[in-house]
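Asks: This is the structure I have questions about; it appears just below.
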Amino acid sequence: MLVRLSHIMLYSKQHAASVKWYCEKLGYEVDYNAPGEYASLHHKNLGRLAIHATSDVSMIGKGAMPYFLCEDIKTTISDLRTKGITVSEPTREGESPWFCDMQDLDGNLWGIEER
């Protein structure tokens, strides 16, 4: 049975810039980096993230959308926007928690959900 999320893997057409973006904007640290090919990053609260270089832009932004949890979605959105990150307006479906999405440097979408 599955026990927890291992990591998220994303494709990037701007590998070095993407690694820098995740480190500077979201606080990730580099575990391993093969420039122009692959990087493994970690964050003490958010877990592991693998960034793979690609020239095939059709692979970017496809697949499942991973979600981060947050305590206060309005504050989180404000903080991310202050860092220049594109974040949608929060919404909810029925009695669901508030949620929104943000985009990374390549246009990959990440969900954010208030717990």
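Asks: If you take the beta carbon distance between Glu89 and Met9 as r and set R0 to 35 Å, what does 1/(1 + (r/R0)^6) give as a FRET efficiency, to the nearest 0.05?
Replies: Numbers: r = 28 Å, r/R0 = 0.80.
So the FRET efficiency works out to roughly 0.80.
Asks: Whole number in Å², please: accessible area per residue of the chain, 1.4 Å probe, ligands, DNA and RNA not counted.
Replies: Values: 7340 Å² over 115 residues.
With all protein chains present, the chain gives 64 Å² per residue.
Asks: Reachable aspartates and glutamates from Lys44, Cα under 20 Å, same-chain residues fewer than 8 places away excluded?
Replies: Glu24, Glu29, Asp31, Glu71, Asp72, Asp79, Asp104, Glu113, Glu114
Asks: Can I ask one more? Find the eigenvalues of the gyration tensor of the Cα atoms of the chain, then list the square roots of 5 times those eigenvalues as equivalent ellipsoid semi-axes, largest first, in whole angstrom.
Replies: Over the Cα atoms of the chain, the semi-axes work out to 24, 16, 14 Å.
Asks: Sticking with this structure for a sec: Roughly what would the spin-label model give for Arg115 and Ser96, points 7 Å off Cα along C-beta, in nm?
Replies: About 1.8 nm separates the two model spin labels.
Asks: Another question, then. Could you work out what % of the accessible surface of the chain is carbon and sulfur, using a 1.4 angstrom probe and leaving DNA, RNA and ligands out of the count? Walk me through the numbers on the way to the answer.
Replies: Numbers: 3790 of 7340 Å².
Carbon-and-sulfur percentage of accessible area, whole number: 52.
Asks: In addition: In debye to the nearest 20, how big a dipole does the chain give about its Cα centre with +1 on each Lys and Arg Cβ and -1 on each Asp and Glu Cβ?
Replies: Details: 12 positive and 16 negative charges, 40 e Å.
Roughly 180 debye for the chain.
Asks: Suppose a student asked you for the relative contact order of segment 39-96, using Cα pairs under 8 Å spaced at least 6 residues apart; what percent would you report?
Replies: Working: 21 pairs, mean separation 10.0, N = 58.
The normalised contact order for segment 39-96 reaches 17 percent.
Asks: Sort the following peptides by mean Cβ neighbour count (other Cβ atoms within 10 Å, averaged over residues), highest first: 52-62, 31-41. It would help to have the intermediate numbers written out before the result.
Replies: Working: 52-62: 12.6, 31-41: 14.4.
Result, highest mean first: 31-41, 52-62.
Asks: Along Cα→Cβ, 7 Å out, is where each label goes; now give me the distance between the ones at Gln103 and Asp31 in nm to one decimal.
Replies: It is 2.9 nm.
The values are calculated or read from the model by the stated rules, or taken from the named source; none is laboratory data. These numbers were taken from a predicted model, which means no experiment stands behind them. Neighbour counts run over all protein chains shown; Cβ positions are idealised from the backbone, glycine included. Just so you know, the surface numbers come from the protein's heavy atoms only, side chains and all, with ligands and any DNA or RNA stripped out. Shrake-Rupley method; radii C 1.70, N 1.55, O 1.52, S 1.80 Å.
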